[in-house]
Amino acid sequence: MQTTGAGNDIERATTLARKMVCDFGMSDALGPLSFGKKEEQIFLGREISQHRDYSEQTAQKIDEEVRRIVTDSYAKTSNLIKENLEALHQLAAALLEKETLDGKQIEEILVRVRRTEPSPA
């Protein structure tokens, strides 16, 4: 279930995925290329604009890659949370009780949770 509080997270994830594809060349489908020239316009108070230097077909591929990255990441994250739900609950309970936890306290909780979980068949 998504809440409105997650809206900014989704926006930030989408922005990061677009930078991965367009700025950093981190796409197997599009290769190690940069898309969209950035131009500084000093007379406009150093406003940075982006010039589209690629075709509509490439724009669609970029959109597909961004969607794939975000949806794949969402699925991986959702699975991680489901697989570690008890640890998440224990950490949340400890944070409600103490407000802050250091690394040692977190590790103690995680070790305790691992000991009580049934081993995989």
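With Ser49, Ser55 as the choices, which residue is in contact with an Asp or Glu (Cβ under 7 Å, 6 or more places away or on another chain), among the polar types (S, T, N, Q), modelled with pLDDT under 95 and farther than 30 Å from Thr116 by Cβ?
On the way: Ser55 fails: in contact with an Asp or Glu (Cβ under 7 Å, 6 or more places away or on another chain).
The match here is Ser49.
Within the set of pairs 6 or more residues apart or between chains, which connect a residue that is among the polar types (S, T, N, Q) inside the stretch 41-65 to a residue that is at pLDDT 90 or above with Cβ atoms less than 7 Å apart?
Hits for this filter: Thr58/Phe35.
So Thr3 fits all but one of (1) closer than 30 Å to Lys82 by Cβ; (2) modelled with pLDDT of 65 or more; what number is the exception?
Thr3 satisfies all of (1) closer than 30 Å to Lys82 by Cβ; (2) modelled with pLDDT of 65 or more except (2).
Condition test on Thr100, is it among the β-branched types (Val, Ile, Thr), under 30 Å from Gly25 (Cβ atoms) and either surrounded by 11 or more Cβ atoms within 10 Å (Cβ to Cβ) or free of Cβ contacts under 8 Å to residues at least 24 places away in the same chain (or both)?
Numbers: among the β-branched types (Val, Ile, Thr): yes; under 30 Å from Gly25 (Cβ atoms): no; either surrounded by 11 or more Cβ atoms within 10 Å (Cβ to Cβ) or free of Cβ contacts under 8 Å to residues at least 24 places away in the same chain (or both): yes.
Criteria not met by Thr100.
Evaluate the stretch 61-80: report whether one residue or more is at pLDDT 90 or above and outside any helix (DSSP H, G or I).
no
Are there any pairs with C-beta distances below 7 angstrom linking a residue in the stretch 7-25 that is at pLDDT 95 or above to a residue that is open to solvent by less than 90 Å² (accessible area, probe 1.4 Å) and charged (D, E, K, R), with the two at least 6 apart or on different chains, and if so which?
Val21/Glu65
Of the conditions (1) without any contact (Cβ under 8 Å) to a residue 60 or more places away in the chain; (2) assigned to a helix (DSSP H, G or I); (3) surrounded by 11 or more Cβ atoms within 10 Å (Cβ to Cβ), Ala92 clears all except one; give me its number.
Status for Ala92: all satisfied but (3).
Answer yes or no as to whether Glu117 is at pLDDT 95 or above and touching an Asp or Glu at 6+ places or on another chain (Cβ under 9 Å).
When the stated conditions are applied, Glu117 does not pass them.
Out of everything in the stretch 103-121 that is in a loop (DSSP other than H, G, I, E, B) and free of Cβ contacts under 8 Å to residues at least 24 places away in the same chain, what residue ends up being most open to solvent (accessible area, probe 1.4 Å)? Spell out the reasoning first.
The first filter runs over the stretch 103-121 and keeps only residues in a loop (DSSP other than H, G, I, E, B), leaving 117-121.
Narrowing the set further to residues that are free of Cβ contacts under 8 Å to residues at least 24 places away in the same chain leaves 118-121.
Details: Pro118: 119, Ser119: 100, Pro120: 123, Ala121: 148 Å².
Top of the filtered list is Ala121.
The values are calculated or read from the model by the stated rules, or taken from the named source; none is laboratory data. Note that the coordinates shown come from a computational prediction; the quantities given were computed from them, not determined experimentally. All Cβ positions, even for glycine, are placed from backbone atoms using ideal geometry, and neighbour counts span all protein chains on display. Heavy atoms of the whole protein, side chains included, go into the accessibility calculation; ligands, DNA and RNA do not. Shrake-Rupley method; radii C 1.70, N 1.55, O 1.52, S 1.80 Å.
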